[in-house]
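Notes to accompany the following structure.
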Amino acid sequence: MTEESAKPTAPSADPAPAAAATAASGDARTAARLSPWLLLGLVAIGLFAWQWFETRLRLADTQQELARRLAESDGVAKESRVLAKQAQDQLASLQGKLGELDARLAESQSQQAALENLYQDLARNRDEWALSEIEQSVTLAAQQLQLAGNVQGAVMALQAADARLAASTLPHYIGLRKSFGRDLDRLKAVPQVDLPGMSVRLESVITAIDSLPLAVDVRPRAEPAARTEGEPAAPAWQRMLRDTWDEVKGLVRIQRFDRDEPVLLAPGQVFFLRENLKLRLLSARLAMLGRDQWTFRSELKAAQALLERHFDARDKSVQTAVGALRQLGGAELSIELPTLNESLSAIRSFRATRERETRGGRK
């Protein structure tokens, strides 16, 4: 209890005013007890009101900012939609162009494949043509080698074929080149016979036959009187006497009978003699080209005998012709020549292998 309540109340004359005063003092004391809490409540209410007001302000700002940003986002979205539509249009255009490019690429690839096939066909045909030409040249060289003994022609044909194969970088030509090399080595080891040179010498003798003097037409050669330098010319009567004496000497002919005399020939027989000699030499040349040693030497001996019997052996042209025939008769023609069968077999087997590979690739 408080002090006021503990104190004894004094009697008053008027109880109503006293009661009223007592109530007022009680209210004052109650108000004095409640004033801190009221102040605290008022402060709390004020803080709450300020917080609410600030929150409202911030919320309004946030709403405005959100509205602004929503407006901006709407604009951006519209722009994005416009850009997306443009991008879609561009994408559609690019897809169309890409389709065209794909079509062109497919067309170019098909054209490239066709060109590659065409190039392969051309290369294959070119190789086949080259092999055909090489085979034909080697075959002709082999025939010339066997029929005419043309070693140089065979060597040149093989060298040309080898050079043509060497120009290509394909490795499957190595076997052919090895076969060509072995045949070339065999041909180069053959002793060389100068058939063209021998043929030229025979031709020169044949050409000179018409101008060779016959033995029956030979007369003693008149030797002119030597005249020393500075010696005066003889008188006219001496020259006339000397000419007369030369004519008289020409009427007399002295011949030896201890040896075979040349056969007297009529003009027609002289022609046939020269033609017969030419035929002998032509036959000898044919035998030489055919490597017929026996016929070649027999014809040369017969021609040499005709020259020595019917033509003037003292003439230089006759001596030259006889010497040429003697030298030609000593030449060796019967030489064993190699063949080109290895090169021909290598070419044919290579072509057969290529044809099988081509047929297998097409299947």
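The values are calculated or read from the model by the stated rules, or taken from the named source; none is laboratory data. Keep in mind the model is a prediction, meaning the values are calculated, not measured. Neighbour counts run over all protein chains shown; Cβ positions are idealised from the backbone, glycine included.
Does any residue of region 142-153 turn out to be among the polar types (S, T, N, Q), at pLDDT 85 or above and under 15 Å from GLU342 (Cβ atoms)? No; the residues of region 142-153 include none that is among the polar types (S, T, N, Q), at pLDDT 85 or above and under 15 Å from GLU342 (Cβ atoms). Beta carbons closer than 8 Å, at least 6 apart along the sequence or on distinct chains, pair a first residue in region 293-316 that is assigned by TED's automatic domain parsing to the domain that holds ILE206 with a second that is at pLDDT 90 or above and of a type in the set (Ser, Thr, Tyr) for THR295/SER283; GLU299/SER283.
Of all residue pairs spaced 6 or more apart or on separate chains, none has beta-carbon atoms under 9 Å together with a first member in region 100-112 that is touching a residue at least 12 places away in the same chain (Cβ under 8 Å) and a second member that is outside any helix (DSSP H, G or I).
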